[in-house]
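The structure appears right after this line, and notes come after that.
The values are calculated or read from the model by the stated rules, or taken from the named source; none is laboratory data. Model, not experiment: these values are computed from the prediction. FYI the Cβ positions are ideal-geometry reconstructions off the backbone, even for glycines, and counts take in every protein chain you see. Only protein heavy atoms, including side chains, enter the accessible area calculation; ligands, DNA and RNA are left aside. Shrake-Rupley method; radii C 1.70, N 1.55, O 1.52, S 1.80 Å.
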Amino acid sequence: MDTQRLILLFIFGFSVLMLWESWDRENRPKPPPLVQQPAAQPGVSAPEKPVAGAAAPSQAVAPAVAAEARGETIRLTTDVVLAEVDTLGGTLKRLELLRHKDSNDPDKNFVLISPAHHYEAQSGLTGDGGPNHRTVWRAAAGPRTLEGSADTLELRLSAAGKDGVEVEKVYRLHRNSYVIDVELRVRNAAAQPLTTFAYFQLTHDGKPEGNRNAVAETFGAQSFTGFAIYSDEHKFQKVPPSDVDKGKAEYVKQTKDGWLAVVQHYFVSAWLAPTDVAHDNVIEKRQDATYAGRMLVPVNVAPKGEAKLDVRLYAGPQEKRRLEQAAPGLDLVVDYGWLTIIAWPLFWLLEKLHALTGNWGVAIILLTVLIKLVFFPLSAASYKSMAKMKLVTPRLTKIREMYGNDRQKMNQAMMDLYKTEKINPLGGCFPIVVQIPVFIALYWVLLAAIELRHAPFALWIHDLAALDRFFVLPIIMTVTMVIQTRMNPTPPDPVQAKVMQFMPFIFSIFFFFFPAGLVLYWLVNNILSILQQWQIQRLFNRDKPAHAKR
């Protein structure tokens, strides 16, 4: 069998296997839920190990409060977000992104932080002295909408804890920014020094947003939902909820920099640690079966003194430039898998082409042309090899008929023919092997880059990151694959010939589940390949050697 076809069969078989495993993983019987032990309160426990130089909190982060406690919801609106802060806890309980639409309803804005996933950004002081995310805070009067030429919108909250502790919490939202500054100003009215922890916590139920894309997960595209931690020493670390369930979560427990985040497809929320301040990281499953990831920062206040702590929260899209500006390493949440080294340059080039054209679909077409030019010499070598194989196919068929019962003589006769005609049977292999990583890397780019989410191309293609709803591109793609197959030499084995005849239809099924942007790339690549192969075949038919005409 021709090596190129063997590679296609291998890819097809591997894809079927992975799709089956993905389907089985989604549909196998789920284990019964664990029976949770009743707890005195649904808060989170204290860290196992204190930060050096400070006493660890001995009580839970958030003690229970009276059932009648109620808070007020305060809505803050900027040009990019609508944030809702509950005065019960001073917690950011909802964050709507005004420039990004919902995945299922384009008439609605995307809601990142919401009660739907028990998704909250909480902060306060640890221990039963508080105040914390179960304390009722008082909101100061002030504007609630960013208007006019103002660049900053503030919400000031205050609450009292025990033993003369008072805390002022300030949320600062900025124009054209998804970074929210959170300031805690701790005052100690007591005659003794105060040693405690401030915590900055993200909660989540660990479930992905919307419907999971089994095909996307099969090919390793970024669809991770869970926690992530970054530090300068240990770099980027994913913490899947499943590892937390098993007690096998591995991450840096103490550091002086970095961030702690909840990551999902296209979006991220991350507490950005203050620089050069030692803090603990804790990720755990709570009694109510939700998860909590938090940073614990030591706070030391002198008698009758005051201390201030500034921490930032990035909550928004995984746009590379915004992530890079927010914090070192935050852009790593855009995860392109093991081919990141290829994917990042591809995305950089795609961005440059988009800046020139203003259309992501046109940028994909231009990128395809550039990639085709880079691989032009390799592709030409492959097509020349196939053209030679096509010329000698009748002679290969005769050899099979002559030595059909003696495989050893048949193989030797074929090798002699290849040697005489100066044909390398593996000549079409290497170019395809080289291009496969580029194809997979571009697939991850198109599926993971939020810049292409809801990005229109032309006519009916309104979202290059979604499926072609009318399947026009996949159908045309199938036609081009059929044309390519007919241009290739026919295998002398009738069974192999029949398999290759149906291979384009079988293999093209996968493209019905690929993003429109990826199908567009492969379609343009196929058209260019057909033109290149036709030209090479035409030259060979014109200049083929006399002994090959027999």
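For the stretch 367-376, just list the computed ³J(HN,Hα) in residue order, Karplus coefficients 6.51, -1.76 and 1.60, θ = phi - 60°, integers in Hz, with x standing in for Gly and Pro.
4, 4, 4, 5, 5, 5, 5, 4, 8, 4
How far apart, in nm, are two points set 7 Å out from the Cα along the Cα-to-Cβ line at Thr145 and at His234?
Here the modelled spin labels are 4.5 nm apart.
What list of ³J(HN,Hα) couplings, whole Hz, do you get for the stretch 86-92 from phi and the Karplus terms 6.51, -1.76, 1.60, once you set θ to phi - 60° and write x for glycine and proline?
So the Karplus estimates, Gly and Pro as x, are 8, 5, 6, x, x, 9, 7 Hz.
Given points 7 Å out from each Cα along the Cα-Cβ axis, report the Lys419 to Asp205 separation in nanometres with one decimal.
7.0 nm
Tell me, what is the FRET efficiency for Ile509 and Trp460 to the nearest 0.05, using R0 = 25 angstrom and their Cβ-Cβ distance as r? Could the numbers behind the result be given before it?
Working: r = 21 Å, r/R0 = 0.83.
So the FRET efficiency works out to roughly 0.75.
For the stretch 244-258, in order, what is each residue's ³J(HN,Hα) by Karplus, 6.51 cos²θ - 1.76 cosθ + 1.60 with θ = phi - 60°, in whole Hz (x at glycine and Pro)?
Each residue's phi maps through the Karplus curve to give 5, 4, 7, x, 10, 5, 10, 6, 5, 8, 9, 7, 10, 7, x Hz.
Work out the FRET efficiency for Leu82 and Ala191 from their Cβ-Cβ distance, taking R0 = 45 Å, and round it to the nearest 0.05. Please list the in-between numbers first.
Working: r = 44 Å, r/R0 = 0.98.
That gives a FRET efficiency of 0.50.
Write down the Å³ per residue value for the convex hull defined by the alpha carbon atoms of the stretch 245-346. Could the numbers behind the result be given before it?
Working: hull volume 15.7 nm³, N = 102.
That works out to 154 Å³ per residue.
A 21 angstrom limit on the alpha carbon distance is what I want to check against. Which of Lys93/Lys256; Lys285/Lys320; Lys352/Lys372; Lys256/Lys285; Lys93/Lys169 exceed it?
Numbers: Lys93/Lys256 28 Å; Lys285/Lys320 30 Å; Lys352/Lys372 18 Å; Lys256/Lys285 24 Å; Lys93/Lys169 15 Å.
Cα-Cα > 21 Å for Lys93/Lys256; Lys285/Lys320; Lys256/Lys285; rest within.
List the aspartates and glutamates whose Cα lies under 17 Å from the Cα of Lys304, skipping any in the same chain that are fewer than 8 positions away.
Within reach: Asp163, Glu166, Glu168.
Given a 1.4 angstrom probe, what's the average accessible area per residue across the stretch 281-322, in square angstrom? Spell out each step's value before the answer.
On the way: 1540 Å² over 42 residues.
Using a 1.4 Å probe on heavy atoms only, each residue of the stretch 281-322 averages 37 Å².
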